[in-house]
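Working notes, beginning with the structure itself.
The numbers here are math on the coordinates, done by the rules we state, and not lab data. Treat the numbers as computed from the prediction; the structure is a model and nothing was measured. In this analysis, Cβ positions are derived from the backbone assuming ideal geometry, glycine residues included, and neighbour counts consider all displayed protein chains.
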Amino acid sequence: RTKHGFPAPPSSQSRLYCRIATLGSPDANFAEFLAKSRTVVAGTLVGIGSRGAGITQNLFDWVIIDEAGRASSSELAVAMQAGHRVLLVGDHKQLPPMFSQQVRDAVVQQFGCGEEGAIFQSDFERVFDSEYGRQVGVTLLSQYRMAPNIGDLVSSCFYDERLETGRGSPPPYYEHLPGELSQQVTWVDMSTLG
C-alpha cells in the first residue's frame, strides 16, 4: 500500500507475469489477441475467416484483397465483412476463380446453366465491368515483369493493345543461349503430337 492507503501499482515484473499467465491459460486465444492488438493483419481469404483467430469479429478500417479476380464469392465475402472500406486488387483476365468439378456439376444441374456461364464468373469481374466499376475502378497499364515482346503479345491478345512494357529488352548475353532460348517469344508447333 502507498502512504495514502491505496494499493501499490503492480511492478512491471508482476504485470509481465499476469500477461504470460493469461496468454498461457486454456481459455486464451493468442491468434485473436494478436489480431485485436495489431495495426496490420495479413492472411489468406479462408484463413481470415477462421473462427479461432477471431478476425472476422473485428472491424478494420481497410480490407485489401489481392488476387480478387481469382476469388470465389464466398471467399470474398468472408474477408470483406471485416472492413469499413474494401479495396479489391486483381485481374479478371488472368486466372478465374477455382471451383471443383463436383461443385460445377451441381451448379449446372441445379440452375441449368452452361459450364462457362456467368455464375462461374468472379465477383471482381462483375464489379469491374459494371457502371460502378467504370466510375471508381483503375486499370494499371504499365507492366515491368515481362520482356517487351512477351508484353506486346499479352497486350495484343488480352488488353486491346493498351498495356505498355516499362522495362527494356533482355541483356545482350541472352544472344549466347541456344536458338530456342535466345528469343523473347518462341512458338513450338505441337500439332504433330496429336
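Using mean Cβ contacts within 10 Å as the protection proxy, how do 103-112, 158-167 order, highest first? Write out the running numbers ahead of the final one.
On the way: 103-112: 11.7, 158-167: 13.3.
Top of the packing list down: 158-167, 103-112.
Relative to the Cα centre, what is the charge dipole magnitude of the stretch 90-194, using +1 at the beta carbon of each Lys and Arg, -1 at the beta carbon of each Asp and Glu, and rounding to the nearest 20 debye? Don't skip to the end; give the middle numbers.
Working: 7 positive and 15 negative charges, 52 e Å.
Using Cβ point charges on Lys, Arg, Asp and Glu, the stretch 90-194 gives about 260 debye.
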- Place +1 on the Cβ of every Lys and Arg and -1 on the Cβ of every Asp and Glu in the stretch 68-194, take the dipole about the Cα centre, and give the residue among Ile150, Leu177, Gln94 whose Cα lies farthest towards its positive end. Gln94
- Query: If each Cα of the stretch 46-194 is one equal point scatterer, what is log10 of I(q)/I(0) from the Debye formula at q = 0.16 Å⁻¹?
  - Reply: -1.05
- Note on the structure: Residue by residue through the stretch 69-76, the couplings from Karplus 6.51 cos²θ - 1.76 cosθ + 1.60 with θ = phi - 60°, in Hz, x for Gly and Pro, are x, 8, 7, 6, 4, 5, 5, 4
